[in-house]
1. Restricting to segment 305-324, name every residue that is surrounded by 15 or more Cβ atoms within 10 Å (Cβ to Cβ), under 16 Å from the mean Cα position of the chain (by Cα) and under 24 Å from residue 31 (Cα atoms).
2. With of a type in the set (A, V, I, L, M, F, W, C), closer than 23 Å to residue 146 by Cβ and modelled with pLDDT of 90 or more as the only criterion, which of 169, 265 stands out?
3. For segment 181-219, which positions are within 28 Å of residue 269 (Cα to Cα) and β-branched (Val, Ile, Thr)?
4. Considering (1) at pLDDT below 75; (2) surrounded by 13 or more Cβ atoms within 10 Å (Cβ to Cβ), say which one residue 302 fails and leave the rest.
5. Could you check, for segment 407-423, whether at least one of its residues is under 30 Å from residue 14 (Cα atoms), modelled with pLDDT of 65 or more and of a type outside the set (A, V, I, L, M, F, W, C)?
6. If only one of 169, 158, 185, 150 is over 30 Å from residue 90 (Cα atoms), assigned by TED's automatic domain parsing to the domain that holds residue 253 and touching an Asp or Glu at 6+ places or on another chain (Cβ under 7 Å), which one is it?
7. Among (1) buried (at least 19 other Cβ atoms within 10 Å of the Cβ); (2) in the same structural domain as residue 213 (by TED's automatic domain parsing), there is one condition residue 266 misses while meeting the rest; what is its number?
8. Only residues that are among the aliphatic types (A, V, I, L, M) and touching a helix residue (DSSP H, G or I) at 6+ places or on another chain (Cβ under 8 Å): list them for segment 205-246, please.
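The values are calculated or read from the model by the stated rules, or taken from the named source; none is laboratory data. Bear in mind the structure is a predicted one, so any value in this text is a computation, not a measurement. In this analysis, Cβ positions are derived from the backbone assuming ideal geometry, glycine residues included, and neighbour counts consider all displayed protein chains.
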Amino acid sequence: MRPLKSWSLRAKLNIGLALMFLTITVTGTFTLIMVKQNLGATEEVTRHVTPMALASLRILGGLEHSQAALRGWMLLGDPQFRTERRTAIEQEILPALAQLKTQTATPSNPLNPPAADLARIEQLLTDALAHQQAIEDIAWTPDNIPAVQLLTEQAAPLSSILSNSLTHLIDLERHRETNASHGELPFILAHAQGSANNAAANLRDYLLTGENRYHQAWSEEWMRNQTRSQELLLLDFLMSEEQQQIFETYLNARQQFSLLAGKLLELRGRPDWNIANHWMATRAAPVIAQLTPLLHGLVKQQTDFLHSTIAAIQNNSRELTWTACLLISIAFCFTIGFSHQVILSVVNPLTQIRQTMDRIQQTGDLSEPITLLFDSRDEIGLLVNAFNRMAAELRRTTISKNAVENILGSMNDALAVLDPAGCITDVNPAMARWLGYNEGELLGIEFSHLVTLEPNS
């Protein structure tokens, strides 16, 4: 390879520009590659990861919304909760499920869950919504709590018979002619009526609340009524025939109520005493418990991929930053070096040529040649060498200004130098003496004017 000093100026400039263009091209190409990678990762997140994660989260949120609305309906019976549950299904769960199916149907999605998992999610979701609907339908119907239904349909009428029978017996006893032996009968009837009413009230409260204090109160009041009923049975001979018939009706109703109360207590003690609550715990909740981990698994998968993608984008950005800084630094250093080379090769020699020409113009001194800071064989070097040769040739063939002035000063003949306008630009001492002026006084005067004048004596 030829040394740099032997290259032409055009070659140096072309190579410098080519290297600068190459540096810019490499920097731009690397930047475009890294940006394209980041855009691809971002598009993957935007098109697949984020929608799938959001769809899974919307299904989970919709299920929680639906469950909360269902519990509100079960507790309060407000129709607004049924509307809320339908809203959760129609606006949250079903659209999210459709979006999830659309995303997983995209072949280019690398995070598609197995078809079996998606089918299981859809089946569990269908089962959960069906169980919720069944719970909603039965929650506020008589069939929801069999014990309360039995209490309303059978126990309550029997309780009314007990209370009405005792009331009738008391009224009949009040209008009878009584004697001392009848004095205890109204008291026992009143106590029997009070204990029967209290027992029925505590039984109802226990069936509705399940609190043991009501169960204990029911047992105590019913035992008290049992005692009073046995006392009345021993005193039935004091009753009139009409009273005995009413008392017989009371005893039959009491026997039926006692058997029915045992059945009511047995129903209330069963796990499914409240069918809606039982179905919620044994049907809807287990299905949702199976569905939730699957959806959380999808969310975690998408989240992990999102985190890894973000980390890759950040790593690419760091690499891009460092590489761009490196290439820019290289380009900067090259630019500085190239500029310095241009200054040494072009600007400095041209400045030396201009300064030398100014010196020659002012002094006529051709003795000092132009010396370059380094040996250059390009166009500038050739120009400097040519200028030095020209100066040497002029120095060899040209008389110096001082020599000319010495010759003119030693001449005895008068001599004047005129410009094209006829004005004196220089005179020798002989001319100045002949005209009777100083040399400086004659400069710039028209010579034709001087020759018409008589010389000064």
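1. Once the filter is applied, which keeps residues that are surrounded by 15 or more Cβ atoms within 10 Å (Cβ to Cβ), under 16 Å from the mean Cα position of the chain (by Cα) and under 24 Å from residue 31 (Cα atoms), segment 305-324 yields 306, 309, 313.
2. On inspection, the qualifying residue turns out to be 265.
3. If the condition is that a residue be within 28 Å of residue 269 (Cα to Cα) and β-branched (Val, Ile, Thr), then 209 is the only one that fits.
4. (1)
5. No: segment 407-423 contains no residue that is under 30 Å from residue 14 (Cα atoms), modelled with pLDDT of 65 or more and of a type outside the set (A, V, I, L, M, F, W, C).
6. None of the other options fit; the residue is 185.
7. (1)
8. Hits for segment 205-246 are 207, 208, 217, 232, 233, 235, 238, 239, 246.
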